[in-house]
Amino acid sequence: MTIVTQSYPKTSWRRFKASAFRVMTLLALLFVVGPALWLVLGVVVRAVPNWKWSVLTTLSQGTSGGLENAVVGTLVIMVGVLLVAGSVGVLTGIHLAELAPARKNGKAGGGLFRLAVDVLAGFPSIVLGYAGYVALCVALHWGFSLLPAILILSLMVVPYIAKSTESALRQVPTAYREGAEALGMTAGYSLRKVVLKSALPGIVTGLLIALAVAGGETAPLLYTAGATNSLPSWSLVHHPISYLTYYVWTDYNQPSAQAHVVSYDAALILVVLVLTLLVVSRLVVARTQRHSESFR
Amino acid sequence: MLVRRHEDRAWRISARVASLLPVAGVAFIVIVLALKAWPATTVNGVSFLTSSQWVPGNTYGAVVHTHGVAHPMGSSYGAWPLIAGTLETSVIALVIALPISLGTAFALTERLPRWVAQPITFFVEILAGIPSVIIGLWGVLQLGPFLASHVYPLVANHVPNVPVLRFFRGSTGYGEGLLTSGLILGLMIVPIIASTTRDLFMQVPPLPKEGAEALGMTDAEVARHVTIPWVRSGIIGATVLGLGRALGETIAVAMVSGSILGKLSPNIYGTMTTIAATIVSQLDSAATDGTGFAISTLAEAGLLLAVIAIVVNLAARTIVRHSASHAAPVGRV
């Protein structure tokens, strides 16, 4: 009986701690969702009242005018990154998942290549931008232009694509590969027709996230892509190319109200662009998960 | 059949060539940084890490040579305020983000019904992809001014004047500074830590938790003695990964830190700068230094940042991989 009387006050203290814990978890959630909603809605609410659709069809004049050049420039840069980083990243992922021989202890192989991808993912984006500026723009005399921008952004997003491709390939059931081999397919043919096909949603997700990152980056572009108020030209070097994040970054602290409108317009287009890509990528994931469950 | 055998080889060769490109990319960046940083390293010496001066010197005046490296007269660089600023903002971000992420992960896995938790999980994951320039825009034009006029003065006027807490007193500024940068960084790394932790909590099998509950533990005790220890190394890995992101974040911090060079912030609200923010805001003016010494100094700062960020990042990945490949120990407290 003594035990019970002694433990009683402790129990109420424990009960208090338990309810405090519950309150704290919900408060924590509030501290994430609250500011995040404020962030997204805050940008949208300040941008929408001044929004004109002509922004998409007029060229910028720096702190005023439209953003047609920046929208087109961002899309051009994203297509370039998709081509360069997409092919390199997907092939690197294939190499890491399928072709690199496994280590003796049974763990995944590809030591040096895997390390390079991890290290690349760890570089701060401004450091990549700096290297692009001094080596590509200055030392190689390419100037602020499309090619250095695409190459530096690609270096930045290749790890995302390689990692997501690798994990998508590793989730393909072994039975598929064995079935393909039993039918007499060569390794390359089965990779293209069977393995890559069932890993495709995972790969596409990685590509979409990489595109969202590429479209929303600022630091690596400031000193590689340069700035211009004209539409992108077809030359890879010597001609600066404009992009949306530049106008957010340069116009937010200008004195004129018009500059703030430009800044928020660019931010709104970016939010819509990036969120669309991310939502689509999540829908792809949701779809595949539904499929993979029906397989079981 | 011949074509198919060629296809085999085509895949093999192209994948091998492609996977060499990241290796080449890393080599390219490291070599460029090291070559560019070398002149600055020889002139700035060890005091680069401890000095607080950031004086470009007279870029139109006489050129002096130190150790055979040309630099403008009177130039003197010290990165201590940048290093300290980088560490301070990252620590603030971690101190804020870790408990909030753990709480969020608990709320999402244990407390909320599925139909509420699922859209919020989705939202938190999306948050990780919001461009940093937009977070910076919101931070400098909306969050910062709000905190500076409504929250900071409240804290600064009511905190007692004792050793550690003294840092929270004094002038609260206009919302650009150390604490705002730390808060913004915290918001940016919460999605990384929270969504990883949530996934980890989902992997904790229900039986040990139910067993602990059957022994009379409250849900707070189950969380502390069963769930968190079960996935501890994974949480540490995710936290360190978030730290890596906070250390290297550039644009958002450049927008909300106030970008003041050459001095440390006297209190937690003051303007400051970080290594990454300095590189992005100083590269333009550094290009006016005809001797190239300012550019070289920025390379030294960049190299320093890259080394810190990569060590942190690799450590995080090793911890995460380690925790993923080993089964969780049963009943370890």
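The values are calculated or read from the model by the stated rules, or taken from the named source; none is laboratory data. On a predicted model such as this, the values are computed, not experimentally measured, just so you know. Don't worry about glycine lacking a Cβ; one is built from the backbone with ideal geometry, like all the others, and counts go over all protein chains shown. Areas reflect the complete protein model, heavy atoms only, side chains present, ligands, DNA and RNA absent. Shrake-Rupley method; radii C 1.70, N 1.55, O 1.52, S 1.80 Å.
Remarks
- Test item: A:201-213 mean partner chain Cβ contacts at 10 Å: 1
- Peptide A:153-163 shows a mean partner chain C-beta count of 2 within 10 Å per residue C-beta.
- Relative contact order, percent, region B:80-325 [alpha-carbon distance under 8 Å, six or more residues apart]: 29
- Taking only the alpha carbons of the protein assembly as shown, we obtain Rg and Dmax values of 26.1, 90 Å in that order.
- With respect to chain B, whose longest principal axis is taken over its alpha-carbon atoms, helix B:178-203 is tilted by about 30°.
- Non-local lysine pairs in chain A, meaning eight or more places apart or on different chains, with alpha-carbon distances under 26 Å, amount to 5.
- When the surface is traced with a 1.4 Å probe over the full set of protein chains, B:Thr41 keeps roughly 60 Å² accessible.
- For A:Tyr247, the accessible area of its heavy atoms, probed at 1.4 Å with every protein chain present, is near 0 square angstrom.
- Total accessible surface hidden between B and A, rounded to 100 Å², 1.4 Å probe: 7400
- Choice from A:His141, A:His95, A:His239 showing the highest fluctuation, given a GNM over chain A with Cα pairs closer than 10 Å: A:His141
- Using a probe of 1.4 angstrom and keeping all protein chains present, the accessible surface of region B:1-147 works out to 48 square angstrom per residue.
- Rolling a 1.4 Å probe over the protein heavy atoms of the protein assembly as shown, with every protein chain left in place, gives an accessible area that is 67 percent carbon and sulfur.
- Helix B:80-106 and the longest principal axis of the C-alpha atoms of chain B enclose an angle of approximately 10°.
- Helix B:293-325 vs. chain B, principal-axis angle (Cα, 0 to 90°, nearest 10): 10
- Kyte-Doolittle mean at least 1.0, axial Cα span of 18 Å or more - DSSP H helices of chain A: A:68-94, A:146-170, A:196-216, A:257-295
- Its Cα centre serving as origin, region A:54-295 has a Cβ charge dipole (Lys and Arg +1, Asp and Glu -1) of approximately 900 debye.
- Residues whose amide H lies under 5 Å from that of B:Thr273, counting only those 5 or more places away or on a different chain, are B:Ile260; hydrogens are built 1.01 Å from N in the peptide plane.
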